[in-house]
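Enquirer: Following this message is one structure expressed as structure tokens.
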């Protein structure tokens with residue numbers, strides 16, 4: 001009985017868990033106010049990612065493409081970027097931030113977007129857009145290495161590195177949320193506000209839960225401003241919630257501006273939310289108020305109603321973004337559940353050093369596998385052909401076929417989720433997220449019991 005970590009042995013990929021680096025950079029860019037990114041590559045590099053994000057958030061937003069074709073892939077396509085920048089600035093007079101996000105094709109052919117940005121700054125912007133504030137930012141995301149997780153992490157670092165400017169202390173805390181939903185941002189801002197902390201949220205995507213107004217709505221956009229990004233250098237400290245989504249930016253601010261910095265753990269569940277509040281207290285000196293103590297108590301009561309009777313010993317498989325997967329695994333263990341299989345969809349060599357992974361390997365006393373560079377066939381094959389018995393699957397919508405084919409109940413969590421309504425609105429972080437997750441898991445098990453016509457003893461009721 002032990003927790004074993006391994007890499008997928010097959011060379012190919014069947015039903016990937018993640019998509020590529022540019023997708024992560026695009027998701028980061030939509031959180032910035034007055035920002036439209038240009039993805040330097042084929043039009044599909046924007047179209048399919050934009051579709052995925054729109055399906056998940058149920059909102060429309062804007063990202064541009066340099067629309068590289070065959071001739072550009074052979075002879076270079078920097079002229080396409082020049083045209084794209086010009087057209088974008090003409091069409092959208094409010095745009096101030098234009099990240100230029102590379103892709104596999106343009107990285108392979110060696111297009112020098114850094115040099116092109118220097119050329120545009122000294123040419124087009126001075127000649128045609130004189131007096132207008134425009135920031136062209138190179139974001140290198142070659143999609144033949146890494147994953148969307150690396151792309152997100154790199155983009156957040158590049159935005160912070162470009163804008164952060166030393167000035168007067170602003171008394172604010174940098175809060176790097178990682179790849180989360182609008183509901184998560186709302187929950188995090190609530191916890192921070194209850195402690196009386198003024199925070200710069202990177203990135204502020206709460207507005208992607210957009211209203212329909214009488215005057216009409218066409219597109220959604222994030223609300224982290226240029227001033228917010230510039231002020232990150234003058235904060236009292238930085239708290240990054242994830243090791244793999246935002247930690248590079250946190251480390252940059254620590255090294256460049258000597259900001260006190262704490263990275264992780266992701267505040268999923270009671271234990272890690274407690275640690276999150278303690279970290280807020282450490283960085284700001286603010287006390288944890290009675291209101292949050294009561295909120296914690298409400299969450300504990302909700303979980304107590306479920307754990308022993310309904311959730312204990314349930315066998316779970318979890319896949320998705322690494323910080324989310326590890327946070328969910330820790331939460332499930334706290335609920336007396338037994339994660340049997342964790343799938344991490346890239347080959348990050350630092351997973352072995354992750355203290356959460358090390359704790360699982362040291363303390364788990366049942367058979368458990370952590371598979372890196374994994375795909376969803378790892379889940380399908382273990383259930384269909386290798387005898388893995390599961391009571392529940394946690395993961396995004398891409399794994400639903402295994403749940404359907406193998407008749408296993410599933411809770412949708414992570415990115416992308418598009419076959420359930422409104423999940424982007426509900427947090428998985430904080431005390432509210434702990435309640436929502438536990439109740440979702442319990443209700444999914446109840447529904448499955450009814451569907452399979454099982455009697456109450458399946459859920460430890462007598």
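Enquirer: For the range 87-110, name all the residues that are in a loop (DSSP other than H, G, I, E, B), over 17 Å from residue 30 (Cα atoms) and in contact with a strand residue (DSSP E or B) (Cβ under 7 Å, 6 or more places away or on another chain).
Expert: Within the range 87-110, just 103 meets the criteria.
Enquirer: Would you pick out the residues in the range 348-369 that are within 23 Å of residue 413 (Cβ to Cβ) and in contact with a strand residue (DSSP E or B) (Cβ under 8 Å, 6 or more places away or on another chain)?
Expert: 348, 351, 357, 360, 364, 366, 368, 369
Enquirer: Pairs needed: first member in the range 431-443, under 18 Å from residue 408 (Cβ atoms); second member anywhere, crowded, with 22+ Cβ neighbours inside 10 Å and at pLDDT below 95; C-beta distance under 7 Å; at least 6 residues apart or different chains.
Expert: Close Cβ pairs satisfying both conditions: 441/311; 442/311.
Enquirer: Still on this structure, please answer the following. Sort through 378, 389 and tell me the only one that's outside any helix (DSSP H, G or I) and under 18 Å from residue 339 (Cβ atoms).
Expert: Just a single option satisfies the conditions, and that option is 389.
Enquirer: I'd like to know if the range 111-125 contains one or more residues that are in a loop (DSSP other than H, G, I, E, B), out of contact with any strand residue (DSSP E or B) (no Cβ under 9 Å at 6 or more places or on another chain) and either closer than 28 Å to residue 240 by Cβ or in contact (Cβ under 8 Å) with a residue 60 or more places away in the chain (or both).
Expert: No; the residues of the range 111-125 include none that is in a loop (DSSP other than H, G, I, E, B), out of contact with any strand residue (DSSP E or B) (no Cβ under 9 Å at 6 or more places or on another chain) and either closer than 28 Å to residue 240 by Cβ or in contact (Cβ under 8 Å) with a residue 60 or more places away in the chain (or both).
Enquirer: The conditions are (1) surrounded by fewer than 24 Cβ atoms within 10 Å (Cβ to Cβ); (2) modelled with pLDDT under 95, and residue 154 fails exactly one of them. Which is it?
Expert: (2)
Enquirer: Also, I was wondering about something else. Residues being assigned to a strand (DSSP E or B) and in contact with a helix residue (DSSP H, G or I) (Cβ under 9 Å, 6 or more places away or on another chain): count how many of those fall in the range 3-29.
Expert: Matching residues across the range 3-29 total 4.
Enquirer: Does at least one position in the range 178-192 carry a residue that is buried (at least 18 other Cβ atoms within 10 Å of the Cβ), within 17 Å of the chain's Cα centre (by Cα) and on the phi > 0 side of the Ramachandran plot?
Expert: yes
Enquirer: To continue, here is another question. Would you mention how many residues in the range 264-297 are surrounded by 13 or more Cβ atoms within 10 Å (Cβ to Cβ) and touching a helix residue (DSSP H, G or I) at 6+ places or on another chain (Cβ under 8 Å)?
Expert: The total comes to 20.
Enquirer: Identify the residue in the range 304-329 that is more than 21 Å from the chain's Cα centre (by Cα) and in a loop (DSSP other than H, G, I, E, B) and, among all such residues, is surrounded by the fewest Cβ atoms within 10 Å (Cβ to Cβ).
Expert: Looking at residues that are more than 21 Å from the chain's Cα centre (by Cα) and in a loop (DSSP other than H, G, I, E, B), I get 313.
The values are calculated or read from the model by the stated rules, or taken from the named source; none is laboratory data. Every value quoted in this text rests on a predicted model; they were computed, and no experiment measured them. Note that each Cβ is placed from the backbone with ideal geometry, even for glycine, and that neighbours are counted across all protein chains shown.
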